[in-house]
Structure formats: C-alpha cells, structure tokens
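Trainee: For reference, the structure I am asking about is given below.
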Amino acid sequence: MNYISTRGRAPQLRFSEILLGGLANDGGLYVPEVYPRFSADELAAMRGMNYRELAFEVLSRLIDDIPHDDLRALIDKTYTAEVYRYANPGENAEDITPLKTLEPGLHVLALSNGPTLAFKDMAMQFLGNLFEYVLDKTHGELNILGATSGDTGSAAEYAMRGKRGISVFMLSPEHGMTRFQQAQMYALQDDNIHNLVIRGVFDQCQDIVKAVSNDLEFKATHRIGAVNSINWARVAAQSVYYFKAYFAATHSNDQSVSFSVPSGNFGNVCAGHIARQMGLPINKLIVATNENDVLDEFFKTGVYRPRPQTKHTSSPSMDISKASNFERFIFDMADRDAEKIRTLWEAVESGGSFDLNADGLFDKIAHYGIVSGSSNHANRIDTIRTVYEVYGTMVDPHTADGIKVGLEHREPGVPLICMETAQPAKFDDSIREAIGIEPVRPAELADLEKLPQRKHVMDADVKAIKQFIIEQAG
C-alpha cells in the first residue's frame with residue numbers, strides 16, 4: 001500500500017513513513033494510492049466481529065508495513081473496556097461503541113466512552129500506541145504540534161501523556177471552549193504536555209500548525225509530527241466505527257444506512273467517505289454544521305468560501321471555518337487531479353474561495369451521497385430537550401446538531417445513525433438551559449475545573465511558537 005499526496009509533488013510513501021509527519025512535503029494530505037475494497041463475501045464474514053476484530057480487518061488493509069501480529073497487539077491493547085470505561089447506564093463498555101436505538105430506524109452511535117468523554121478518543125488512543133511502537137523501533141523522538149477547537153487537544157494529550165520520546169505542543173483558542181474542555185487539558189501536569197493558549201480563534205491555531213509543518217527544514221530538525229485529522233492514521237482509525245455501526249443497525253448486507261455527522265474540520269465525515277470507498281453500503285453521509293456553515297454552503301451550492309471570522313457557538317468543537325480534511329474528499333471528487341487541487345487550495349490559502357460549478361465538477365456530488373444542513377443555538381437546545389423528553393436520552397450540543405440535521409434528511413426504510421460527539425457532562429451550561437438538569441460526570445472528574453492549571457498564553461505568532469518548541473524540546 002503506497003500513499004500519495006493530494007497535491008502530487010511529494011514522494012509516494014508507505015504507511016509508517018507518513019505516520020508521524022502529518023502534511024506531505026508539498027503541503028498536501030496523504031491518501032491511499034488506491035482504496036482497498038471489501039467484497040460482499042468479506043463484508044458478510046465481518047458481520048459478527050467485535051470491535052477489535054473489525055479494527056484489524058479494516059486497518060490491516062490500510063497498514064501493510066507493520067507485521068500483522070504487531071498490528072493486532074496494538075489494536076487489542078487499545079480497544080478494551082478498561083480504556084473505554086465511561087459507558088452510560090445500560091451500555092456495555094466491552095462493546096466499545098454501543099448503538100443506542102431511540103426508535104426503530106433511528107440510532108445514536110456512542111463514541112464517547114473513552115478517557116476524555118469525546119469521539120476523538122476512538123482514534124487518538126490507537127494513535128498514541130502506534131506512535132510509541134514506531135518510535136521504539138527507530139529509537140526516535142517526536143514533537144507533536146496540534147490545534148484544537150475543543151476535544152482533539154485533550155484526546156491527544158491523554159493518549160500521549162507519559163509516552164517515551166513524545167512531547168505534545170497543543171494550541172487552543174483563548175475563548176470558545178467550555179470550562180470542562182479547558183480543564184481537561186490545562187490540568188495535566190505531565191512534563192511532556194505543553195498547552196499553548198492562543199489569543200485568537202481555532203482557525204489561527206490551525207494555520208500556525210500548517211505553517212510550521214510547511215517549514216520543511218524546521219519540521220525535520222525538530223521532529224515535528226501531527227495528530228490533527230490531517231494525520232492519515234487518525235482518519236483511518238475512525239473509519240472502523242462506521243463498519244461497527246452498520247453491522248449493529250442492519251440485519252443484512254443488502255441494506256444501506258445513512259450517517260449524520262456533526263462536522264467542523266471534515267475529519268469524521270472523511271472517515272465515513274473512506275468506509276464508503278472501501279465498500280460499506282452507505283446511502284447518505286449527512287454533514288451537520290453549526291453557525292459556522294462553510295461546509296453546508298459548499299454541499300448546497302458548490303462554493304467553498306472559508307469565512308474571515310469564526311463565530312463562537314454553543315457547539316464549540318465545530319467552531320471552524322477552514323475544514324482542513326476537506327481536501328482529501330475534493331481530491332477524490334476531482335478524479336485525483338493533483339494539479340486541480342493545487343489550484344483550488346492556492347485560492348483558499350490566499351484568502352479566497354472556489355466554485356466547482358463552472359467546470360461541472362459539482363455535478364458529481366450525487367455520486368458520493370453527501371448532503372448537508374446547519375443548526376443554530378435555538379435548534380440544538382430544542383433538540384436536546386426533545387430527545388430527552390421523547391426518548392429519555394441526554395445528548396451534547398454537537399450530537400444535537402447532528403440529530404437535527406439528520407432528521408431533515410431521514411428517508412423511510414433507511415436506518416439513520418447519528419454520530420455522538422461527546423458526553424453531555426462536557427457541556428453542562430447547554431444541558432441546564434435545555435432541560436434544567438445537571439449532567440452527571442464520572443466521579444474522578446467531578447472537581448476537574450478546580451485543579452491547578454498549567455498553560456502558556458501566547459499571540460498567534462508562528463515565530464514565537466517555533467521558539468517555544470525549540471526551548472522546551474531542546
């Protein structure tokens with residue numbers, strides 16, 4: 001399995017060669033040269049598998065330069081009931097991602113049973129073990145530079161804390177995240193964890209990460225790696241739970257399902273796109289945005305127009321105006337025309353936009369089954385309240401956005417699976433506003449916000465960030 005850059009000017013590499021680096025050397029994102037595809041017989045054999053077995057079947061097709069026994073051991077170490085222990089009452093932690101049925105044909109996939117109560121744990125815990133494995137083999141070191149709008153940061157830090165040879169430098173916006181989200185990160189006292197709070201918005205954090213990654217000399221000298229969804233391994237690992245959800249919601253592989261996915265950076269939807277390319281019978285992928293509706297605008301009009309300003313909302317993990325993973329999908333949609341991608345993203349990176357209607361490229365969107373919608377504060381509060389009153393289930397604001405938009409695209413006879421973003425406890429203000437109840441959090445996290453916090457507040461300055469990494473990493 002070789003991997004190629006979406007921009008066509010980086011060397012083809014194997015999985016282990018792209019694992020630690022994030023962006024390709026030409027600024028593009030790595031994708032498989034060809035997506036492996038499961039046959040009908042292979043899908044039938046996968047139907048009865050547990051999460052670990054499914055993960056091996058899917059990931060072994062995408063990772064062929066790690067011995068199978070080693071890969072299986074990494075997967076078995078990651079996906080355990082002990083790691084994903086925060087199952088809600090009535091859920092089986094051993095199931096890893098239980099499917100909650102609200103009513104026949106309407107489901108929520110529980111993805112937030114991991115250590116930070118968010119879906120990012122599903123891939124990040126595997127990534128932490130994978131990084132440690134590769135660094136042990138090479139006796140190498142890695143400085144991870146990432147950006148978070150809410151949940152990626154804590155998931156990465158909990159996955160990498162105490163890992164030999166790994167330091168984490170996580171950029172987060174000064175405002176927008178909930179107190180719980182901030183405390184999950186800033187309360188960590190591990191020497192290898194560095195929280196850099198940026199005076200700005202998430203998109204500025206993400207731009208800094210890309211700028212540092214595109215400085216190839218600095219990246220090589222200081223061993224810079226990535227854990228954001230620009231990292232192929234993270235998106236690949238997320239594709240596993242689409243298979244798990246499909247088998248849980250259907251009785252036969254003749255059926256198809258639709259997924260509603262709360263989205264900001266397009267990583268989770270991209271994982272669904274990968275699963276579909278690998279042969280999973282997905283009818284529709286429904287992109288649910290909040291008031292930062294750049295992706296909704298694209299899927300309705302064919303115009304991708306990142307906003308100069310990002311709005312702070314009550315679903316803060318989606319407060320993103322530049323969807324960095326979107327490039328992988330457009331690469332496939334454009335028949336893998338790297339020259340086309342370079343032209344499109346040159347416009348975006350210079351502050352512009354692009355329109356795929358002019359050359360008829362947007363007409364192909366129907367082939368990929370992606371539709372979209374948006375949600376606002378009033379919508380998500382109403383959805384949280386309705387889901388609680390009608391189904392007795394409490395959902396967080398992002399999942400509420402997904403349910404609201406998903407129901408707008410629901411089709412008779414097609415199971416609808418809404419992807420959970422996080423547990424409600426991370427967003428207690430919205431839950432209190434919607435239903436007047438304090439969401440229950442795990443006992444060991446009860447006083448998280450009262451713990452001492454360790455962080456560095458900095459301007460959105462690439463040079464200053466580089467200097468900080470040099471001083472701390474040596």
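Computed from the coordinates by the stated procedures, all read-outs in this text should not be read as laboratory data. Note that the coordinates shown come from a computational prediction; the quantities given were computed from them, not determined experimentally. Every residue, glycine as well, gets a Cβ built from its backbone with ideal geometry; the counts of neighbours run over all protein chains shown.
Trainee: So which of Lys120/Lys284; Lys404/Lys450; Lys100/Lys163; Lys137/Lys219 end up more than 30 Å apart by C-alpha?
Mentor: Lys404/Lys450; Lys100/Lys163
Trainee: Per residue Cα convex hull volume for region 107-243, in cubic angstrom?
Mentor: 115 Å³
Trainee: Oh, and also: Show me the ranking of peptides 445-456, 87-98, 391-402 by mean Cβ neighbours inside 10 Å, starting with the highest.
Mentor: 391-402, 87-98, 445-456
Trainee: In whole Hz and in residue order, list the ³J(HN,Hα) couplings for region 34-46 that follow from phi through the Karplus curve 6.51 cos²θ - 1.76 cosθ + 1.60, θ = phi - 60°; x for Gly and Pro.
Mentor: So the J values, rounded to whole Hz, are 9, 6, x, 10, 7, 6, 4, 5, 5, 5, 4, 5, 7.
Trainee: Non-local amide H neighbours of Ile370 (under 5 Å, H modeled in plane, Pro and chain starts lacking H): which ones?
Mentor: Long-range HN contacts for Ile370: Leu285.
Trainee: Sticking with this structure for a sec: Roughly what % antiparallel, to the nearest 5, for the DSSP beta bridges in the chain?
Mentor: The antiparallel fraction comes to roughly 25 percent.
Trainee: Averaging over every viewing direction, what projected area does the convex hull of the Cα atoms of the chain cover, in nm²?
Mentor: 20.1 nm²
Trainee: Next question, about the same structure. Rank by packing, highest mean first: peptides 261-269, 56-64, 105-113, with packing defined as the count of other Cβ atoms within 10 Å averaged across residues.
Mentor: Averaged packing, sorted descending, gives the order 261-269, 105-113, 56-64.
Trainee: Let me check against my output: what whole-number percent is the relative contact order of the chain, with C-alpha pairs under 8 Å and at least 6 apart?
Mentor: It comes to 19 percent, rounded to a whole number.
Trainee: For a quick check: sort Ser260, Ser353, Ser239 by the number of other beta carbons within 10 angstrom, fewest at the front.
Mentor: Fewest to most other Cβ atoms nearby, the residues stand as Ser353, Ser239, Ser260.
Trainee: Where does the charge balance sit around Gly27 when Lys and Arg score +1, Asp and Glu -1, over other residues with C-beta under 9 Å from its C-beta?
Mentor: Here the count lands on +2.
Trainee: In whole angstrom, how far apart do the alpha carbon centroids of region 120-149 and region 210-262 sit?
Mentor: After rounding, the separation between the Cα centres reads 14 Å.
Trainee: Shifting gears a bit: Could you give me the ³J(HN,Hα) list for region 396-404, computed from phi with Karplus coefficients 6.51, -1.76, 1.60 and θ = phi - 60°, whole Hz, x at Gly and Pro?
Mentor: 7, x, 5, 4, 4, 4, x, 5, 4
Trainee: Taking the number of other C-beta atoms within 10 Å as the exposure measure, put Tyr368, Tyr304 in order starting with the fewest.
Mentor: Tyr368, Tyr304
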